[in-house]
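Since every read-out is calculated from the coordinates, none of them should be taken as a lab result. This is a predicted model, so every value here is computed, not measured. When we count neighbours, we look across all protein chains shown, and the Cβ atoms used for this are built from the backbone with ideal geometry, even at glycine.
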Amino acid sequence: MKLLQQLCEIHAPSGNEIRMKEFLLKYITKEKKNWKGKPTVYHGDEFQDNIILKFGKPRTAIFAHMDSIGFTVRYYNQLLPIGSPDAEMGTKLVGEDSLGPIECELEFDKDHHAFYKFGRQIDRGTELTYKINFRDTKDYIESAYLDNRLGIYNALKVAETLKDGVIVFSTWEEHGGGAVPYLAKFIHEQWNVKQALISDITWVSDGVDHGKGVAISMRDRNIPRRAFVNKIIDVAKKRKVPYQLEVEGMGSSDGRELQVSPYPFDWCFVGAPEHNAHTPDEKVHKRDIKSMIDLYSWLMKDL
Amino acid sequence: MKLLQQLCEIHAPSGNEIRMKEFLLKYITKEKKNWKGKPTVYHGDEFQDNIILKFGKPRTAIFAHMDSIGFTVRYYNQLLPIGSPDAEMGTKLVGEDSLGPIECELEFDKDHHAFYKFGRQIDRGTELTYKINFRDTKDYIESAYLDNRLGIYNALKVAETLKDGVIVFSTWEEHGGGAVPYLAKFIHEQWNVKQALISDITWVSDGVDHGKGVAISMRDRNIPRRAFVNKIIDVAKKRKVPYQLEVEGMGSSDGRELQVSPYPFDWCFVGAPEHNAHTPDEKVHKRDIKSMIDLYSWLMKDL
Amino acid sequence: MKLLQQLCEIHAPSGNEIRMKEFLLKYITKEKKNWKGKPTVYHGDEFQDNIILKFGKPRTAIFAHMDSIGFTVRYYNQLLPIGSPDAEMGTKLVGEDSLGPIECELEFDKDHHAFYKFGRQIDRGTELTYKINFRDTKDYIESAYLDNRLGIYNALKVAETLKDGVIVFSTWEEHGGGAVPYLAKFIHEQWNVKQALISDITWVSDGVDHGKGVAISMRDRNIPRRAFVNKIIDVAKKRKVPYQLEVEGMGSSDGRELQVSPYPFDWCFVGAPEHNAHTPDEKVHKRDIKSMIDLYSWLMKDL
């Protein structure tokens, strides 16, 4: 779980994912010689800070977003949310501005406006993220940003044995999106890929529990095509991978952008459930991580 | 009105429109030999569950959505809305799961959360739709899902005499859309079509009444280009088809997706008004159905 | 400031920008012989009511929206907003319908529904805009619709000396957008342009003041890519143009549509701040207009 911890510790709020891009490019360059398939790596100007890996003759793409929630420094000591952070008074936030590294504390006024408490003023526009406290116990991993560093981890594990497929590391997912439309365009136009799996983290709820397997999401705010969801459930059954069926009315993902893109993508969110979403203490059961990696490995073969 | 009743009875909630697709493909295959123009039919993998009919040299496309509102079974006896259903306690809902056909009742708790009442548990993710009670009286048709089975009926009636044009049967309209972007791409790139009519059903209101003609919608939540709306009004005047001008601040349609697509589409919503929208008792005046079909027939010639 | 006043006086609510298009086409045809670069002008059927000017070998596009907020006449004396107007009871509204020119007064009921007061009924669907009271004082310009006639004015001033670049005059910005997706497609596919500046007007706030320079917006509801915003700040510093950094959680612009378009656009909102946004009394400091034009001129060279 060393790699997962490293991923969690990278500062990459929506709109400023460059450090995650650089870490992943370095990691992929170093590791891919040990992978079964040798992917072509696409990045650079035409891709902003996103990365695409292409293995063999792809039919299905995995989307794992690189960005995290956080805060932007506004005027005085005011903070604006990036995405939907859910943190308590006193939470430690970290970042860096023209004067150097920052470790400050989150505060709220009575109207729940967010502020920082720090010995000096922080430059306008500076992004702050949760300070990481990574906890690896017998059954659980607990840390900020398992959403979606665990989704990335899953994609990198699946990459080790992947023969045919695309892996997309995307940006801005937590704050309005915007990269998936041209990434979808690229993989559809290049390789006619039109199946996608959203490698992201969902919620423990009254119907989805810790340790009972990866969640296959039948819907969230968006409704994927039922015929495609059924195919995924059939693979999980056939391959005997533990899974849970999720049915939600809220929440969204990179799947939403595939749904509304001008390409006929089928998509489904498949991911481990977590407690304490968007807090510094996101918690996932290790069994669910294992079944997530297992199911993705089968899906990339069987779909 | 037998065809309209058949259309209303088909279970096709957003995301699971496959039965409507199959019904329409069968109907079109059987009927098109009696039509003046012989359309090319586009469907299959590249179109998910949508259908496109191309007649002659098209300039204008009709969009009629196939999906309906409904409910998804969540956990225990909970229901989540598909689109915006508006039904009372006790409404009969139908569907099917792994154990067989379902006819259950809609209930609400005091916070207006929806539940089903049924003798057994229903599979997660099962879609339920209103049980149809189709009423054909002297002046009115009353049934669930006139929105948008009447929009489909209109398109099929117009198809009988259509020389040049495209008819698109679309999906997901009631729940976030997502198909129109690639359907718009296809018809624009193939035939340079950039005019569209939204064949859908609107509301009886303080400005739009039963029996006074099809509504030409000058705006809803979205504002179509005024120059195009004016052209449509001019055709209605010239061809002496009864019509009413609608001006709304809310509501949306497939037109919204054409508006924001990366293609320069002009669009206008033109449809009969109904009472009791999104309830099991949608009600439309027969005169308005007639003027809808008449106006579409002229528009496809004159635009 | 005669040109700015003329621009303010043109009736061009979202969806009916045709008069602004015609004014600009006439102005450009007449003036471009005095400009350093001779642009190619794109307009017509494939562009609805938008205009694109292409100078030399473009790398960066300026987007200036032509439309304004206003009201649509509904039924009886009811009004629906176009965009988000913010005006008081008694505000003078102007327009024209089949019976001739209109100058009426805005009223509200106790639920803040808008109405007009006029001697006769106005045609359904008629668009009304603020009556212009243009005030040019020593330090300030005050008028309705500085948002975004000042953004257009800026683009036209920059055009006088522009060597390489694109200027896009866009539509529908105030009411849901819809033109930017295909305009972005066009300029990206034709010339591989993927940098954009949003020439629009922002707010005086607790962090942005009158007269202290053009605002470079680090974020609003959307978050542009930080690497691109940093480049813009660097140009402002290097070229010693007065500027202010804006950081907001609300508000949006043509930048949002570039962000979510299927093209990898970097964008940044760069514009003078105003008091009394969306009222008939929008007020901008002349020094901020000057620094806006100066910064755009440098950015089009340096980016």
Fill in: Positive-end residue, chain B charge dipole about Cα centroid, Cβ charges, pick of B:Ala12, B:Thr129, B:Val284
B:Val284
Item to complete: Can you put C:Leu106, A:Leu25, A:Leu150 in order of Cβ neighbours within 10 angstrom, beginning with the fewest?
Response: A:Leu25, C:Leu106, A:Leu150
Fill in: Listed pairs C:Lys2/C:Lys131; B:Lys21/B:Lys54; B:Lys117/B:Lys283; C:Lys212/C:Lys283 exceeding 19 Å between Cα atoms
B:Lys117/B:Lys283
Practice prompt. Sticking with the crude label model, points 7 Å out along Cα→Cβ, report the distance from B:Val41 to B:Lys301 in nm, one decimal please.
Written response: 2.7
Worksheet, complete the sentence: Computed about the Cα centre, the charge dipole of segment C:70-130 from +1 Lys/Arg and -1 Asp/Glu charges at the Cβ has a magnitude in debye, to the nearest 20, of 140
Worksheet entry | Helix B:18-31 axis, angle to chain B major axis (alpha carbon atoms, nearest 10°) | 40
Worksheet item: Any idea how far the Cα center of segment A:198-247 sits from the one of segment A:7-22, in Å?
Response: 28
Worksheet, complete the sentence: Summed over the other residues with a beta carbon less than 10 angstrom from that of B:Phe265, with K and R at +1 and D and E at -1, the charge totals 0
Item to complete: For chain C, with a Gaussian network of springs between Cα atoms less than 10 Å apart, report the residue from C:Pro39, C:Pro242, C:Pro262 with the top mean-square fluctuation.
Response: C:Pro262
Fill in: Assigned charges on the beta-carbon of Lys, Arg, Asp, Glu; the protein assembly as shown dipole about Cα centre (debye)
3600
Item to complete: Could you pull out every one of the lysines with an alpha carbon less than 21 Å from that of B:Lys57, ignoring same-chain neighbours closer than 8 positions?
Response: B:Lys32, B:Lys33, B:Lys36, B:Lys38, B:Lys157, B:Lys163, B:Lys185, B:Lys194, B:Lys231, B:Lys301
Fill in: Taking B:Arg219, A:Arg120 and counting other C-beta atoms within 10 Å, the order from fewest to most
A:Arg120, B:Arg219
Response to the item:
at C:Gly44 the sorted inter-copy label distances (label 7 Å from Cα on Cβ side), in nanometres, are 3.7, 3.7
Worksheet item: How high is the relative contact order of segment A:11-69, given as a whole-number percent (alpha carbon pairs under 8 Å, six or more residues apart)?
Response: 43
Discussion item. Suppose every Lys and Arg Cβ carries +1 and every Asp and Glu Cβ carries -1, with no other charges. What dipole size does chain C come out with about its Cα centre, to the nearest 20 debye?
Written reply: 1660
Worksheet entry | Distant-in-sequence amide H partners of A:Glu282 (H built 1.01 Å from N, under 5 Å) | A:Ser143, A:Ala144, A:Tyr145, A:Leu146
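Taking every DSSP beta bridge with both residues inside the protein assembly as shown, roughly what % is antiparallel (nearest 5)?
65
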Discussion item. Using helices alone, I'd like the mean residue ellipticity at 222 nm for chain B: each DSSP H run of four-plus residues gives -39500 (n - 2.57), total over residue count, nearest 500.
Written reply: -8500 deg cm²/dmol
Item to complete: Using the charge dipole of the protein assembly as shown (Lys, Arg: +1 at Cβ; Asp, Glu: -1 at Cβ; taken about the Cα centre), state which of C:Tyr263, B:Phe55, C:Phe169 has its Cα farthest towards the positive end.
Response: B:Phe55
Item to complete: State, in angstrom, two size descriptors of chain B derived from its alpha carbons: Rg to one decimal place and Dmax to the nearest whole number.
Response: 18.8, 59
Worksheet, complete the sentence: Between the Cα axis of helix A:146-159 and the main Cα principal axis of chain A, the angle (0 to 90°, nearest 10) is 30
Worksheet, complete the sentence: Each residue of B:58-71 has, on average, a number of other protein chain C-beta atoms within 10 Å of its C-beta equal to 0
Worksheet, complete the sentence: Calc'd 3J(HN,Hα), segment A:48-58, phi into Karplus 6.51 cos²θ - 1.76 cosθ + 1.60 (θ = phi - 60°), Hz, glycine/Pro = x, comes to 6, 9, 8, 10, 10, 10, 10, 10, x, 10, x
Response to the item:
Relative to chain C, whose Cα atoms define the longest principal axis, helix C:180-191 and its Cα axis are tilted in degrees, nearest 10, by 30
Practice prompt. Provide the descending list of Cα extents for segment C:70-130 along its principal axes, expressed in whole angstroms.
Written response: 30, 19, 18
Worksheet entry | DSSP beta bridge pairing in chain A, given as percent antiparallel to the nearest 5 | 65
Worksheet item: Which whole number gives the average count of other chain Cβ atoms within 10 Å of the Cβ atoms across peptide C:172-181?
Response: 5
